[in-house]
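Take a look at the structure below.
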Amino acid sequence: METRLRIAAIVATSGLLLVIFELVRRKRLMERYALLWLLAGTTLIVLAVWKGLLTTLANKVGIFYPPSALFAVALAVILILLVHFSLVISRLSDQNKVLAQRVGMLQERLEAQERASGVAGDPAEAATGADAGAGGGQERPSTIEEELSRTG
Amino acid sequence: MSQHVAIVPAHNEAGAIAGTVREIREHAPDFDVLVIDDGSTDGTAARARQAGARVLTLPFNLGIGGAVQSGYLWALEHGYQIAVQVDGDGQHDPRYIRELLEHLRARPEFNMVTGSRFLAGSEDGYRSSAPRRAGIGLFARIVSVITGQRVTDPTSGFRLTNRRGIELFARDYPHDYPEVEAILLMHAHRLRSCEIPVRMRPRTSGVSAISSTQPAYYMIKVLLAVFVGLFRAKPNIDPGDRPPVTAEHTI
């Protein structure tokens, strides 16, 4: 591989690694998602630095132009990352659904209790789920906000 | 209501949870017991309730970090002054809760006391398998160097904290495999922790959160977290700073 290309590859990959590191440092990126990126970046940087490795790999699988092998490896890494993210998104969607269901059930239970104890005041307001979000809104969301400002 | 709470994270520990709760109530009667049912699919929550614990049920498995932090949030909300973490699997002997508490009372300059398996006086207790001990030893050395004090068992989750610790952990707690990072988090906030020897027991049922396939991931993840942590000049969770969810910002 040509020296200029290698330098460019090393600089770009180092930049990627630095960005990942900085994101983890600022707690924007969790370690568990950073690891895959770090692995990808390290693989690419090793291939860029270690000249012989890429040529050997390329010859082994019958690629005549070694930089193409670099693209092939990068493509594979990106594919793995994408599959990983699809898995993560699926898990998050599923958890989100469970959370929404749980909140709905809690709200229903709370309203039933309020109705039973007559705390709700206006029974018509407490009776419908849609109103309770807005009607009970005077009280409950404000406590949630207080909560966030206190814990945050 | 008591001023003290025992936080017991449990994930599918139906076999051991009732015994753990009863032991805590027996040996530390002035502690309220809060079991965090971390998305269990067996009867963990029901058995804990039967044994007399309050149960906080999470809708899905958050992992040990999220589960324990739920406990600290609950303790903060309910105004507890002291919180002790006791694993639901029975490895932590509740007889030592009293010692942990007395140690913290006697040494008010400390904010957290950890029960260590590796201090003199705990030789005959359960000390994990040899490869794990090697890993724990490595983390112990790293944490000792960073904090500038001797830490022998940084992976022990048997910990008692005062109100400052509860406030800190309710706001910020590491996600997976949190114990090592939690010590460093305390250190970063200039809170102090110490250790006393305890004898631990082998788990009686269930499976460890760190299964046989995961130690490599555990080591790498915690090493990365510790390394990156060195470059965080100022902890970013003092009042007026970022909200609890920091991953919401884009690049």
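Nothing in this text is a laboratory measurement; each read-out follows from the coordinates by a stated rule. Fair warning: this is a prediction, and the values are worked out from it, not measured in the lab. Using ideal geometry, Cβ is built from the backbone for each residue, glycine included, and neighbour counts are taken over all protein chains shown.
Within chain B, which is the longest segment that contains none of the GluC sites (Glu not before Pro) sitting in a DSSP loop with at most 12 other Cβ atoms within 10 Å?
B:124-247
Based on the Cβ-Cβ distance from A:Gln101 to A:Thr3, what FRET efficiency comes out when R0 is 45 Å, to the nearest 0.05?
Once rounded, the FRET efficiency stands at 0.15.
Under a point-charge model restricted to the Cβ atoms of Lys and Arg (+1) and Asp and Glu (-1), what is the dipole moment magnitude of region A:3-89 relative to its Cα centre, in debye to the nearest 20?
In total the dipole reaches around 180 debye.
Check B:Glu13: other-chain or 5+ apart residues with amide H under 5 Å from its amide H, H built from backbone geometry?
Result for B:Glu13 returns B:Thr44.
Using a simple charge model, +1 on the beta-carbon of Lys and Arg, -1 on the beta-carbon of Asp and Glu, nothing else, what dipole does region B:4-229 show about its Cα centre, in debye to the nearest 20?
400 debye
Suppose a student asked you for the relative contact order of region B:4-229, using Cα pairs under 8 Å spaced at least 6 residues apart; what percent would you report?
The normalised contact order for region B:4-229 reaches 25 percent.
Taking region B:75-166, which chymotrypsin sites (Phe, Trp or Tyr not before Pro) meet the DSSP loop condition and have no more than 14 other C-beta atoms within 10 Å?
Qualifying residues, ordered by number: B:Tyr126.
What value, in deg cm²/dmol to 500, does the helix sum -39500 (n - 2.57) over DSSP H runs of n ≥ 4 give at 222 nm once divided by the residues of chain B?
Only helices count here, giving -11500 deg cm²/dmol.
Provide the gained length on full extension for the span B:Ala120 to B:Arg98, in nm with one decimal, where the gain is 0.36 nm per separating residue minus the Cα-Cα distance.
That pair, B:Ala120 and B:Arg98, stretches by 6.0 nm at full extension.
I need the phi-derived Karplus couplings for region B:83-100: 6.51 cos²θ - 1.76 cosθ + 1.60, θ = phi - 60°, integer Hz, Gly and Pro marked x.
10, 10, 9, 10, 5, x, 8, x, 6, 8, 8, x, 4, 7, 4, 4, 4, 4
Which of B:Ile196, B:Phe169, B:Tyr218 sits farthest toward the positive end of the charge dipole of chain B, with +1 on the Cβ of Lys and Arg and -1 on the Cβ of Asp and Glu?
Checking the options against the dipole of chain B, the answer is B:Ile196.
Note down the nm distance, to one decimal, between modelled labels 7 Å out along Cα→Cβ at A:Glu22 and at B:Arg190.
2.9 nm
What percent do you get for the relative contact order of region B:13-132 when only Cα pairs under 8 Å and 6+ apart count?
25 percent
Relative contact order for region B:24-68: what percent, with Cα pairs under 8 Å and sequence separation of 6 or more?
Dividing the mean separation by the residue count of region B:24-68 yields 40 percent.
For A:Val11 paired with A:Thr56, estimate the spin-label separation in nm (one decimal), with each label point 7 Å from Cα along the Cα-to-Cβ line.
2.9 nm
For the pair B:Ala46 and A:Leu82, what calculated FRET efficiency results from E = 1/(1 + (r/R0)^6), where r is the Cβ-Cβ distance and R0 = 56 Å, to the nearest 0.05?
For A:Leu82 and B:Ala46, the calculated efficiency is 0.85.
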